[in-house]
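A.B. asks: Here's a structure for you.
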Amino acid sequence: HSFVPPSILSILKRIEDAGYEAVIVGGAIRDYLFGRNINDWDVATSARPEQVQKIFSHTIPTGLRHGTITVIEAGEICEVTSYRKEKHYNNGRHPELVEYTKSLYEDLSRRDYTINSIALYRNGRLFDPFDGRIDIQNKILRTVGNPQQRLAEDALRHLRAFRLAADYDLEIESMTWQAMCQNAHMTSCLSRERMNQELLRFAKCDWTAWAPKLGAGLWLRHPLYPGLSILADGMIATREHDEHNWLQVLQSFTAKECQEIAIGLWLLRAYSATKTKPSLESLQNLQRSLGKSKHWLTSWMERLELLKELLPLSVDLFIPLLAKKLIIKEKSHKDAHMLLALLAMQKDLPVHPLFKKYQTHLKTLPIEHIRDLAVRGSDIALHLALSGPLIGQALFMAQNAVIEGRVDNKKPIILDWLKKQMEENSDLEK
Ligand code: ATP
Ligand code: MG
């Protein structure tokens, strides 16, 4: 137990010296056994919250209702929670009643998964009555006790299961998985706050290893977890089955791309619900909390702008527009597929036919890449004697006209056409 910082050991000792039992539990032990860095220390104790407050001079009653006191000791912050059992649940939301106990075994029994129910005493002894270590070794996520009961009691455990399975690349044990499927509807009772907090944890963890196995799409579009996209704003609609094969489609994307799609879907839904674009501030918050770059932020702002324009259009109109915009912006066709997948999910359309239509449309275009355009900025500068931003403007007009088939992709023809435009159109006057 040399991995435990002295300040945490000293918290344990001070509780013991006052005549109570104290152990480290939860994420810290799990992370240690998985060989991860530990960022969050949870202590459990047989002392009642009032008694904990008496032992330490610097405490905050963070979750008094749930028996949790935050203790600040030698600069280390640690949550100290009194041993408790939870009996009465209210619609899968919160335990109604917190009942304290003197028994560590009872406290561990009310915890969600075996990998989270291992306790460590100050002397280095582990107490692991549900064989969490074996599950860690075999990379299995399993409820403590009867899965049906445990997953029906508190719907947040569903989201925690996804988060943990994704983060630690775990297999969800089959009875646990069955119970999750049977109780999936309960996730609709969750409060937004609890749900978003857990979804954000999901979004932050690295689910690259897990995603291809169970399919990131499972999270997004499992028929039983409809619309539970990352950071989903508490929006759950019921859907009987994956009629449009979104799951299968998502499997053609890499895990990182799936994550982007999930984020996009969330942004799009937030936009559709309110008809106001997600504010720059909320995007920046998302960027910061997901640890993404500035470039990521601007890409999403651009995509959202584009999606906003495409969303009200019919398929026959949005496909040519999307193709044109992406060609002009020199985006890859993977980008197009991602945006098409998003549009399909948002508009409830089957996505494979969209991909096909897009490909077919590309083949009808005079150019598929902007580099194939017959004129360059330098040609325009030379032949039309334009300068500065006007060159860019003229080039943009030419690109549009060629892609839309209004002008042949031949240098003299484009230049002639531009000249005529200049004569007719005052916008391009020098
Ligand atoms: P992290 O490392 O992200 O903090 P964690 O598992 O420690 O993960 P916490 O929310 O800090 O997550 O919870 C601490 C412990 O409390 C968990 O390890 C688990 O034993 C228990 N726990 C948390 N949420 C639930 C729940 N919904 N149902 C039952 N037990 C829970
Ligand atoms: Mg924790």
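No lab work stands behind these numbers, since they all come straight from the coordinates. Predicted model, so just to flag it, every value in this text is computed and none were measured. Neighbour counts run over all protein chains shown; Cβ positions are idealised from the backbone, glycine included.
A.B. asks: Report, largest value first, the span of the C-alpha coordinates of the stretch 1-133 along each principal axis, in whole Å.
C.D. replies: The principal-axis extents, from largest down, are 41, 34, 24 Å.
A.B. asks: When a footprinting reagent is the concern and you count Cβ atoms within 10 Å, what order do CYS181, CYS78 take, fewest first?
C.D. replies: Numbers: CYS181 14, CYS78 21.
Sorted ascending by nearby Cβ count, the order is CYS181, CYS78.
A.B. asks: Considering Cα pairs under 8 angstrom that are at least six residues apart, work out the relative contact order of the stretch 1-133 and quote it in whole percent.
C.D. replies: Worked out over the stretch 1-133, it gives 24 percent.
A.B. asks: Structure shown: which of LYS294/LYS331; LYS308/LYS329; LYS363/LYS420; LYS292/LYS331; LYS292/LYS347; LYS13/LYS102 lie over 24 Å apart, alpha-carbon to alpha-carbon?
C.D. replies: Correct reply: LYS363/LYS420; LYS292/LYS347.
A.B. asks: Rank these for me by crowding, MET397, MET175, going from fewest to most other beta carbons within 10 Å.
C.D. replies: Ordered from fewest to most neighbouring Cβ atoms within 10 Å, MET397, MET175 come out as MET175, MET397.
A.B. asks: Determine the relative contact order of the stretch 371-428: mean sequence separation of Cα pairs under 8 Å and six or more apart, normalised by residue count, in whole percent.
C.D. replies: 37 percent
A.B. asks: Related question: Once fully extended, how much extra length lies between LYS363 and ILE72, figured as 0.36 nm per residue of separation less the alpha-carbon to alpha-carbon distance? Intermediate values should be presented prior to the final figure.
C.D. replies: Numbers: separation 291, 0.36 × 291 = 104.76 nm, distance 6.53 nm.
Computed gain between LYS363 and ILE72 is 98.2 nm.
A.B. asks: Hey, another quick one. Can you pull a Stokes-Einstein diffusion coefficient for the stretch 371-428 at 20 °C (1.002 mPa s), Rh from Kirkwood over Cα pairs, as a whole number of µm²/s? Mind dumping the intermediate values first?
C.D. replies: Details: Rh = 11.1 Å.
Here the translational diffusion coefficient equals 193 µm²/s.
A.B. asks: Can you sort GLU76, GLU198, GLU281 by how many other beta carbons sit within 10 Å, fewest first?
C.D. replies: Final ranking by Cβ density, sparse to dense: GLU281, GLU76, GLU198.
A.B. asks: Once the Cα gyration tensor of the stretch 318-407 is diagonalised, what are the square roots of 5 times its eigenvalues, in whole Å and ordered largest first, as equivalent ellipsoid semi-axes?
C.D. replies: Sorted largest first and rounded, they come to 31, 12, 10 Å.
A.B. asks: Within straight cross-link reach of LYS325, meaning Cα distance under 16 Å, which aspartates and glutamates are found once same-chain residues fewer than 8 apart are removed?
C.D. replies: The reachable aspartates and glutamates, counting only those whose Cα sits under 16 Å from LYS325, are GLU302, GLU305, GLU309, ASP316, ASP335, GLU368, ASP372, GLU404.
A.B. asks: Projecting each Cα onto the charge dipole of the stretch 1-133 (Lys/Arg +1, Asp/Glu -1 at the beta carbon, about the Cα centre), which of ILE77, ILE60, ALA44 comes out farthest on the positive side?
C.D. replies: Positive-end residue among those listed: ALA44.
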